[in-house]
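Undergrad: Here's a structure for you.
Every number in this text was worked out from the coordinates using simple rules, so none of it is lab data. All values reported here derive from a predicted model rather than from experimental measurement. Because the Cβ atoms are built from the backbone with ideal geometry, glycine has one as well, and the counts that use them run over all protein chains shown.
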Amino acid sequence: MNVLLVEDEVAIGELVYDFLDTLGYCVKVCKDVSSARLWLIDQRPDIILLDWMLPGTSGLDFARELHRHGSWSDIPFIMLTARNEEYSRLAGFQAGADDYITKPFSLKELAARIKAVLRRLQTMGDEEGVLRAGDLELNRTSHEVLVKNRPVTIGATEFRLLAYFMLHPGHAYSRQQIIDRVWGGDADIQDRTVDVHIRRLRKILEPYGIENWIATVHGVGYRFENRNSRRGS
């Protein structure tokens, strides 16, 4: 597995590099966003570890850039930061982060978080086939979303969220149930984070007039209301 670590603190970079290297990961360390951009032109990591406070462009701004970039938007990433306030955590998730870990952190915990994120993606990829609902099509193998055969730019978390809903059309799920399935039960995710990603998913679907397919079920959580979803091949 290839890991891109964007971290300007040399000591932390070396510690993370050495620890992940012993676990068999291939780690590339970049000290700023500019060098990370250049590396990403020709390389594609399985996951990015992104420090919030970086010289020049911040990690948070780069996270938003990753989410907007067509070729990078589906790469999962974990934010590394000393900021532990709720608004900072929400800002990280709003930028598309798959997980968020505060400094100082345990290297073993970091490794566990990496495995959890990659495991969720692997589980999603193992489910072969295509899901369709009207003009909406989601390919779980290629991680592509189309509406009327037009590609939709979507982040990794929103992709998993949409896939989960399309796999279970008509079912209402609580925020905790969504957290357990989309993020994994061991993820440190709060209910408000689910709401953040629901808003992001609706915004992605809004230009196609299908944002209301993600319905709020008061007192419960959320439901995918289009009942024409079916497994494809």
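Undergrad: In whole angstrom, how far apart do the alpha carbon centroids of the stretch 140-164 and the stretch 63-122 sit?
TA: 19 Å
Undergrad: Quick one: compute a quarter of the convex hull surface over the Cα atoms of the stretch 128-231 and quote it in nm².
TA: 6.2 nm²
Undergrad: Now for a different question. Starting with the highest mean, order 102-113, 46-57 by the number of other Cβ atoms within 10 Å, averaged over the residues of each peptide.
TA: Top to bottom by mean Cβ count within 10 Å: 46-57, 102-113.
Undergrad: Take every DSSP beta bridge whose two residues both sit in the chain, then give the antiparallel share in percent to the nearest 5.
TA: That works out to approximately 55 percent antiparallel.
Undergrad: Put a dot 7 Å past each Cα toward the Cβ at Ser71 and Arg83; how far apart are the dots in nm?
TA: So the two model labels end up 2.8 nm from each other.
Undergrad: So if I place +1 on the C-beta of Lys and Arg and -1 on the C-beta of Asp and Glu, and nothing else carries charge, what would the dipole magnitude of the stretch 2-123 be about its Cα centre? I want it in debye, nearest 20.
TA: Dipole size: approximately 340 debye.
Undergrad: A further question follows. For an R0 of 25 angstrom, estimate the FRET efficiency from the Cβ-Cβ distance between Phe105 and Asp61 and round to the nearest 0.05.
TA: It comes out at approximately 0.70.
Undergrad: Between 0 and 90 degrees, rounded to the nearest ten: what's the tilt of helix 33-42 against the longest Cα principal axis of the chain?
TA: Computed tilt is about 60 degrees.
Undergrad: Still on this model: Count neighbours as other Cβ atoms within 10 Å of each site's Cβ, and list the GluC sites (Glu not before Pro) in the stretch 64-105 that are DSSP loop with at most 10 such neighbours.
TA: Counting only loop positions with at most 10 other Cβ atoms within 10 Å, the GluC sites (Glu not before Pro) in the stretch 64-105 are Glu85.
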